[in-house]
Amino acid sequence: MTEPLLRVTNLSKSYGALRAVDGVTFEVDRGETLAIVGESGCGKSTLARCVARLTQPTGGSVRLDGVELAPLSRRRLRPLRSRFQLVFQDPSTSLNPRWTVGEIVREPLRLQDVRGDVPGLLSEVGLDPELAGRHPHRLSGGQRQRVGIARALALSPDLLVLDEPVTALDVSVQAQIINLLLRLQEERGLGYLFISHDLAVVSAVAHRVAVMHAGRLVETGPAEQVLGRPSHDYTRALVAAVPGA
Amino acid sequence: MLEVKDLVVTAGDVRIVDGVSFEVRPGEVLGMVGESGSGKTMTMLAVAGLLSGPARVAGGTAVLDGTELTAARLERLRGRRIGFVFQDPATSLNPLMRVGTQISEVLRIHGVSRSEARRRAAELLEQVDLGPERAGRYPHELSGGQRQRIVIAMAIALRPSLLIADEPTTALDVTVQEQVMRVLRTAQRETGAATVLVSHDLGLVAEAAHRIAVMYAGRLVETGTVQEVLGTPRHPYSAALMRSRPRVGTGRGPLPVIPGYPPAPKSRPPGCAFHPRCPVTLDRCAKETPPLVGGVACWAVRDD
């Protein structure tokens, strides 16, 4: 039996009495997208931050390829950092405005002291390599999100944690970024942990869906089952509330 | 009834809104859709006389129930004849004032007595599905959806003849969205206000609007009933936009995309602004701007 790419077991994160993430368990395989859906305050972004180790969970286990990440110090974690990367919702706040596109994409390579092909990464995400000299504010929202994805791909990760990656984008640009993510997954065999409140977007990208409510997963299953024949009351309410579906 | 004709909004030498005409009848909801930078919000801010910064009205007229909305008149009409609901309720509410008082204030400013204003405020709270006990709360003691319902109560307090709702639920969760839209629809029906719902969300507009106006690069490219525009869109941009929209239940897989990006106002291409991204391009598309005729602004559709 091979280990899944990501195995999260009984993960918890408390802030004092508030249990933002409360005993969450799931797996993500190579080439697979698991979407975590839920409304604001349900804990899905905290969960993403725990998995990406931007914050320390208070309990449970996060295993990447069988290696337990939870007990590792920052220094011991560093070589593993290249294996999982985070893509944020708002590319305009996650990209350093003073750096050029080239510098932003090169930064993770520089930190890990490895060589990489910045023009190649830019074309892989559908950006003209000529844009390397530009600053983020001179790009459109869609182009900035492509820069965020190129930066995440720089170290050839196995897992991307995507926190509302298309929420801030216009409909026509949203479709482009969704297609880009689908193509990259197929070409690179990436596992995606896809955090979103938007069930329509999730429907286009996810193999499996987990519904989060008040810090817990209330329903998990294949996307067509969870979105098409939801079994939990909360999921049913979520699906019914999608306008014009 | 709101009648907007040939509206032009400029900022410096950039035409942000470029000759927009439309009508909204009493009791009707017009959904104004478009992507960022399409000019949909600017159009409505111009109608209401709320443009700020370098943006100004450079041409055209807006007439509400026979009265032209000039800058001088808008000062008096806004609030009384025109109600607003913006995306973020926090920008419309005073954080230091109890919400009941804020609703009463709207009435008091327009000459309603103190006791009558208090009574009306209680009624308005009920109209937006909030109990009278909420009157004593401060905005921060309410949820986002409740705050937006207070804003709706203020917007309809003086029974305006025009209601403008700009992305009223974009900042809210989907289950809360539904409730706020229901309250907005009821308020709109009860006041009979001509209503413009500005939104990027086609699904939301499909459920709440009677007619739709699609904007692209500062111009209206298509107007019609919800069934016409969403069901059988005629402009290549509207058609492509409908196709590229993900839907619950269509299953995993790539979406049909519109290549390229919507142009920034200062770099809009000549002719039809959509032509560089359009699947059907005729010679004249790059040279001449198609007028809106029969609800659609497209040379290819007209030549059929």
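The values are calculated or read from the model by the stated rules, or taken from the named source; none is laboratory data. Predicted model, so just to flag it, every value in this text is computed and none were measured. Neighbour counts are summed over all protein chains in view; Cβ atoms, including those assigned to glycine, are modelled from backbone coordinates with ideal geometry. Note: accessible area is taken over every heavy atom of the protein model, side chains too, but ligands, DNA and RNA are not part of it. Shrake-Rupley method; radii C 1.70, N 1.55, O 1.52, S 1.80 Å.
Structure remark: mean-square fluctuation, Gaussian network model of chain B, C-alpha springs under 10 Å; the largest value among B:Pro54, B:Pro95, B:Pro265 belongs to B:Pro54. What is the protein assembly as shown by shape, rounded, prolate or oblate, if you read a ≥ b ≥ c off the alpha carbon gyration tensor as root eigenvalues and call it rounded for a/c under 1.5, prolate for a/b larger than b/c, and oblate otherwise? Taking the square roots of the gyration eigenvalues as a ≥ b ≥ c, the protein assembly as shown is oblate. Evaluated on the stretch B:24-85, the Kirkwood hydrodynamic radius is 12.9 Å, with distances taken between all distinct Cα atoms.
Under the classification rounded if a/c is under 1.5, otherwise prolate if a/b is larger than b/c and oblate if not, where does the stretch B:1-132 fall, given a ≥ b ≥ c as square roots of the Cα gyration tensor eigenvalues? Verdict is prolate for the stretch B:1-132. Counting heavy atoms of the protein chains alone, A:Leu182 has an accessible area of about 20 Å² for a 1.4 Å probe.
Charged side chains reduced to their Cβ positions (Lys and Arg at +1, Asp and Glu at -1) give the protein assembly as shown a dipole of some 1160 debye around its Cα centre. Taking the Kirkwood radius as Rh and the Cα radius of gyration as Rg, chain B has a ratio of Rg/Rh equal to 1.00. Measuring from centroid to centroid over Cα atoms, what is the spacing of the stretch A:176-245 and the stretch B:46-86 in Å? So the two Cα centres are separated by 43 Å.
Taken residue by residue and averaged, Cβ atoms of other chains lying within 10 Å of the Cβ of A:198-206 number 5. In chain B, the longest principal axis of the Cα atoms and the axis of helix B:99-109 are about 80 degrees apart.
In Å² (nearest 100), what accessible area is buried between A and B, both sides summed, heavy protein atoms only, 1.4 Å probe?
Values: alone 11810 and 14610 Å², together 23740 Å².
Counting protein atoms only, the buried area is about 2700 Å².
Carbon-plus-sulfur accessible fraction, the stretch B:1-66 (probe radius 1.4 Å, protein heavy atoms only): 52%. With each label modelled as a point 7 angstrom along the Cα→C-beta vector, the B:Glu68-A:Ala240 pair spans 5.2 nm.
Between A:Gln112 and A:His135, how high is the FRET efficiency from 1/(1 + (r/R0)^6) when r is the Cβ-Cβ distance and R₀ = 25 Å? Nearest 0.05. Computed FRET efficiency for A:Gln112 and A:His135 comes out at 0.55. Under the combined filter of DSSP loop state and at most 16 neighbouring Cβ atoms within 10 Å, the stretch A:90-153 retains these trypsin sites (Lys or Arg not before Pro): A:Arg98, A:Arg115, A:Arg134.
The accessible-area loss of the stretch A:168-184 on complex formation, taken against its chain alone with a 1.4 Å probe, reaches 40 Å² or more at A:Asp170, A:Val171, A:Ser172, A:Ala175, A:Gln176, A:Asn179, A:Leu182.
Summing Lys and Arg as +1 and Asp and Glu as -1 over all other residues whose Cβ lies under 9 Å from the Cβ of B:Phe84 gives a net charge of 0. Sorted largest first, the spans of the alpha carbon positions of the stretch B:147-200 along the three principal axes are 29, 21, 15 Å.
Largest GNM mean-square fluctuation among A:Gln145, A:Gln174, A:Gln112, using chain A with Cα springs under 10 Å: A:Gln112. Comparing A:Ala154, A:Ala175, A:Ala206 in a Gaussian network model of chain A where C-alpha atoms under 10 Å apart are linked, the largest mean-square fluctuation is found at A:Ala175.
Derived scalar couplings between HN and Hα for the stretch A:24-36 equal 9, 10, 6, 10, 10, 9, 4, x, 10, 10, 9, 9, 9 Hz in order, rounded to whole Hz, by the Karplus curve 6.51 cos²θ - 1.76 cosθ + 1.60 (θ = phi - 60°), x for Gly and Pro. Largest first, the extents of the alpha carbon coordinates of the stretch A:101-245 on the three principal axes equal 50, 29, 27 Å.
Which of the residues in the stretch A:1-47 show a loss of at least 20 Å² in accessible area from their chain by itself to the complete set of protein chains, at a probe of 1.4 Å? Hits at the 20 Å² cut-off: A:Glu39, A:Ser40.
Equivalent ellipsoid of the stretch B:102-238: semi-axes from √(5λ) of the C-alpha gyration tensor, largest first, are 32, 16, 12 Å.
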